[in-house]
Structure formats: structure tokens, C-alpha cells
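Have a look at the structure below, then the notes.
Derivation of every value follows stated rules applied to the coordinates shown; laboratory data play no part. Fair warning: this is a prediction, and the values are worked out from it, not measured in the lab. Don't worry about glycine lacking a Cβ; one is built from the backbone with ideal geometry, like all the others, and counts go over all protein chains shown.
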Ligand SMILES: Cc1cc2nc3c(=O)[nH]c(=O)nc-3n(C[C@H](O)[C@H](O)[C@H](O)COP(=O)(O)OP(=O)(O)OC[C@H]3O[C@@H](n4cnc5c(N)ncnc54)[C@H](O)[C@@H]3O)c2cc1C
């Protein structure tokens, strides 16, 4: 079994930035990452200063290359499967059979999409169908778009999308929870609402061409925004007792500390602000929080930790 100060589960922007901070702080770190980030479907990631338009794979490659300058950080391409123990002595076993002991844990496990149930949506997801106008709205500016959504969330997204294009319709895809007031509000802003279920999304090479409804309506468009159904990237935090909100977001303080001693979380797993730069920032803060805790523990029991840093 290998021993580390910190195990980071998840190697997306959150986990990688935490690894950078902790590596520079001379902590022994293992990043356990199975390599299935949510944004792997997209070709370009936007809004990260100095990296606008980069592919998610290239972002990770550069990040790992830079972190490798710090020899106390180790990368393991495996899935953390079971974790036991407590603050100061956690044991991790991966699905591939590796075992690790660590003082602190950081869950940077992100969120996962529940498989999409609309015919044809998978083919366009990440190419011309997206979930966040901040990430991909600029590329679809002024185009004719279909917004797929229900109830108050649809109204919220419709208000937001108005900042990128005036040419869009709302498709509720079947039974809907829009109130009369919400419908009136959309009507007042000239946003048509279609209630029939979606039959099929037609596309060519990933580029959407039409959304066909079951009542025969054909909506021509060049892009789609929709609200995905998300589940936690891993059940391990909840199994270990981490408090979560009703949207399965892990509850953390400003430095990523959860309610369970020794366990931290950062990134999409611990916020609903799903942005790579926000995840990286949370990872950096969690790195600082963890390092401060380790420093305080070492300071208070000097004989336990002498000479352990690399
Ligand atoms: C289609 C799409 C487009 C997007 N475009 C943009 C954009 O343009 N700009 C932007 O800022 N954001 C964008 N995002 C959001 C962005 O991808 C996320 O905010 C960001 O990736 C979150 O980083 P993270 O480190 O929290 O999680 P992730 O990047 O999702 O990384 C989590 C990692 O943890 C791993 N993991 C989970 N459980 C385990 C386990 N048990 N053991 C080992 N590894 C595990 C996963 O496999 C994954 O590699 C987009 C998202 C989507 C879905």
C-alpha cells in the first residue's frame, strides 16, 4: 500500500488545480482519475482566461505536463471504488485493485449526465446542442435556436438566452409545468412555446437541422440548448457521510471543507456554477485549505511528521 498526504479523486480542472497547489506546497499527492469528465463530448471549452477555445483533452494534457514539475504528485488512471477510515488515515481501493493510504481526501469527482432520452440528441450533444450559454452561446449568437426545457427552469433559460439571440423558441417536450403567468411572460417577449413531445432531432455531422415534434411541427434551427439531468460523479462522498443538498451538491465551506473531518470537495461536485474556471478556482482554494490543515497538524505534533514533505 502506498502512503500519501492527500488523495484527490478526480482529475478535471478542480482536482488538477488542487494538485498544482499541493504539489507546490511539497505535499505527497495521488490524483486518482478514471478520465470521464462531463465535457468530454465538446470540441472546444470556452471562458477560461488564456485557454479560450481549447479542447478538454488538450487542457488536461497541458495541466498534467505543468504539474509533473512537482515530483510529489502522482497520477493514477483508475477508479476509486471503496474508501474507509477517518481523518488522518483513509484507505482507498480502486476498481483495478490498487490500494492507497492518505491523511486527507479531496473529492473533485464532477457530475455525470443521465443518458439523453430524446431521439437524435446524443448525436448533436457537444457539437451543436449545449447546456450553458456562457460556455457556448457566443458561437451560436444571432442564430435560430430551440430551447428544450420545462417549467420555471425553461423560463429562466429563456430569459438568459435572450442575451445571445432574439431568434429562439421554447420546446417543452410534452407535458409541461409552465404556469399561465410564465406562458404570458414568454408571450410578452415574443418567445413561441411548443408543447408537443419531440419526435426526432435531425442533424448532419453533429450539426442540428430540425427539431421534429410528434404533432408534425418542424422547427428549423442551427442549435439547441437544453437542461441536462445530472447525478453525482461518484457516490463515495455521500457514502462517507458528506452532507449534500437536494440537487446532490456537496456542502462545503469557502475552502472546500465538508462536514466530515479530513474530507474536502471542489468543482462541479460542490457547486452549481458549472464552469471550468470556477472548478479550478475551487480546487485551488481546497488545496490551500487542506495544506493549512496539514501544516497545523504537523506544527502541533512535530515528531509525527518530521521529514515527510518532499
Ligand atoms: C457539453 C459541455 C460543455 C461545456 N463547456 C464548457 C465551457 O465551454 N467552458 C466551461 O468553463 N465549462 C464548460 N463545461 C462545464 C465544465 O466541463 C465543468 O464545469 C468542469 O469540467 C468541472 O470540472 P471538475 O473538475 O469539477 O469535474 P470534471 O471535469 O467533470 O472531472 C471529474 C473527473 O472525476 C473523475 N471521477 C469521478 N468519479 C471518480 C472515481 N470514483 N474515481 C476516479 N475518478 C473519478 C471523472 O471521470 C472525471 O475525470 C461544459 C460542460 C458540458 C457538459
**Of 258, 245, 165, the one that fluctuates the most in a GNM where the chain has Cα springs shorter than 10 Å** = 245
**Prompt:** Taking the DSSP beta bridges in the chain as the whole, what percent of them are antiparallel, to the nearest 5?
**Reply:** 45 percent
**Message:** Just to be sure I understand the curve: with the Debye formula and one point per C-alpha of segment 121-226, what is log10 I(q)/I(0) at q = 0.17, 0.19, 0.24, 0.25 Å⁻¹?
**Reply:** -0.71, -0.90, -1.41, -1.50
**Prompt:** Taking the Cβ-Cβ separation of residue 36 and residue 292 as r and a Förster radius of 30 Å, what is the calculated FRET efficiency to the nearest 0.05?
**Reply:** 0.45
**Request:** As a check on your grasp of the helix formula, calculate [θ] at 222 nm for the chain: sum -39500 (n - 2.57) over DSSP H runs of n ≥ 4, divide by the residue count, round to the nearest 500.
**Result:** -8000 deg cm²/dmol
**Relative contact order for segment 184-256, counting Cα pairs under 8 Å that sit 6 or more residues apart, in percent** = 15 percent
**Separation between Cα centres of segment 40-88 and segment 230-278, rounded to whole Å** = 17 Å
**Message:** From zero outward in steps of 10 Å, how is the percent of C-alpha pairs of segment 1-94 spread across the bins?
**Reply:** 16, 45, 30, 9, 0
**Message:** What are the equivalent ellipsoid semi-axes of segment 169-310, built from the alpha-carbon gyration tensor (square roots of five times its eigenvalues), in whole angstrom, biggest first?
**Reply:** 48, 17, 14
**Asked** Pick from 113, 52, 205: which residue has the top mean-square fluctuation in a GNM of the chain where Cα pairs under 10 Å get a spring?
**Response** 205
**Prompt:** Cα gyration tensor of the chain, axes a ≥ b ≥ c as square roots of the eigenvalues: rounded (a/c below 1.5), prolate (a/b > b/c) or oblate?
**Reply:** prolate
**Asked** With springs only between Cα atoms under 10 Å, which of 152, 129, 279 fluctuates most in a Gaussian network model of the chain?
**Response** 152
**Item:** For segment 154-189 versus segment 111-149, the gap between their alpha-carbon centres in whole angstrom
**Value:** 16 Å
**Relative contact order computed over the chain (Cα-Cα under 8 Å; 6+ residues apart), in percent** = 22 percent
**Asked** Given 0.36 nm per residue, what is the gain on full extension from residue 152 to residue 303 after removing their alpha carbon distance, in nm?
**Response** 48.6 nm
**Request:** Just need the relative contact order of segment 79-133 here, percent rounded to a whole number, with Cα pairs under 8 Å and 6+ apart.
**Result:** 21 percent
**Message:** Just to verify a number: FRET efficiency for residue 248 and residue 82, C-beta to C-beta distance, R0 = 30 Å, to 0.05?
**Reply:** 0.90
**Fill in**
Rg/Rh of segment 69-148 (Cα atoms, Kirkwood Rh), to two decimals, equals 1.18
**Item:** segment 228-310 - Rg (one decimal) and Dmax (whole number), Cα, Å
**Value:** 14.8, 51
